Amino acid sequence: MAVIEELQALSDPGNARFTAKLTPGLDPSTLLGCRIPRLRQLARRLRGSVEAAHFIETLPHRYHDENNLHGLLLGQIRDTPQALEAVERFLPHIDNWATCDITASAMTALGRNPESVMPHIERWLRATHAYTVRFGIVVLLGHYLGEGFEPRHLALVADVRSDEYYINMARAWYFSTALAKQYNAAMPYFTERRLDRWTHNKSLQKARESFRVSPDRKIRLQQLKY
């Protein structure tokens, strides 16, 4: 069965309507409504197949669900140069936050070789395409707030300037996660008010809502709101 036929078999009209509400701007006719757990199962089944190789070489796709599957299949690539080449081809076709985040989170290969990946991330953060910028932020969030963390990564995200809602939400998400994982390094951005007011306050809000931030630290963060 062709990949598109498998996706159509997984279609869920109710979930398509729900997805349309979460991703404003997408053409409803491009939504099959495939649920992400089912797409993950399909991606695992397609892994290493001729069908998968052909699918990720064929762009653009018609359906949002195809793009989500594409991102999950890219996450199976373990070779960093190959992963970078594949995602560079795909980035111009990402047109919503969900596909962006699914792809960035899945691509663990982008966290394994910082010396080759970071120049790409820095270029993505300077892009004019909103979801390329968001992709770079989410890669830093998902793969560089642990062992691969460097304090300069905070500055890279802080220096992003945009009026795009989905970019600024990603910046706030990044800094709220940094407050959970790299508290001491992240705190000067709030005590010294290095961020714009909206991102500052939204980051603090999301950090206070996180179970990974201790009650004592949440009190301190509440005091930093402005």
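Readers should treat all values here as calculations from the given coordinates under stated rules, not as data from a laboratory. What you see is a predicted model, and the numbers here were worked out from it, not measured in a lab. Ideal geometry is used to build each Cβ from the backbone, glycine not excepted, and the neighbour counts take in all protein chains shown.
Would you compute the Debye intensity of the range 1-112 from its alpha-carbon atoms alone, equal scatterers and no solvent, and pass along log10 I(q)/I(0) at q = 0.16, 0.21, 0.22 Å⁻¹ to two decimals? Debye curve over Cα of the range 1-112, log10 I(q)/I(0) at q = 0.16, 0.21, 0.22 Å⁻¹: -0.68, -1.17, -1.28. Helix 114-125 and the long axis of the chain differ in direction by around 90°, with both axes built from C-alpha atoms.
Could you tell me how many degrees, from 0 to 90 and to the nearest 10, lie between the Cα long axis of helix 97-106 and the main elongation axis, the longest principal axis, of the Cα atoms of the chain? With rounding to tens, the tilt is 90 degrees.
When only alpha carbons are used to place a centre, the range 132-197 and the range 1-74 end up 29 Å from one another. Under a model in which nothing but the beta-carbon of Lys, Arg (+1) and Asp, Glu (-1) is charged, the range 76-173 shows a dipole of about 40 debye around its Cα centre. In this structure, R78 and R126 have a Cβ-Cβ separation that, at R0 = 25 Å, corresponds to a calculated FRET efficiency of about 0.35. Relative contact order of the range 160-226, taken over Cα pairs closer than 8 Å and 6 or more residues apart, is 34 percent. Projecting the Cα atoms of S214, H143, P13 onto the charge dipole of the chain (Cβ charges, centred on the Cα centre) puts S214 farthest toward the positive pole. Extension gain for the segment Y183 to R112, taken as residue separation times 0.36 nm less the Cα-Cα distance, is 23.3 nm to one decimal. With respect to the chain, whose longest principal axis is taken over its alpha-carbon atoms, helix 165-181 is tilted by about 60°.
At 222 nm, what value in deg cm²/dmol follows for the chain if DSSP H runs of at least 4 each add -39500 (n - 2.57) and the sum is divided by all its residues, to the nearest 500? Rounded to the nearest 500, the figure is -19000 deg cm²/dmol.
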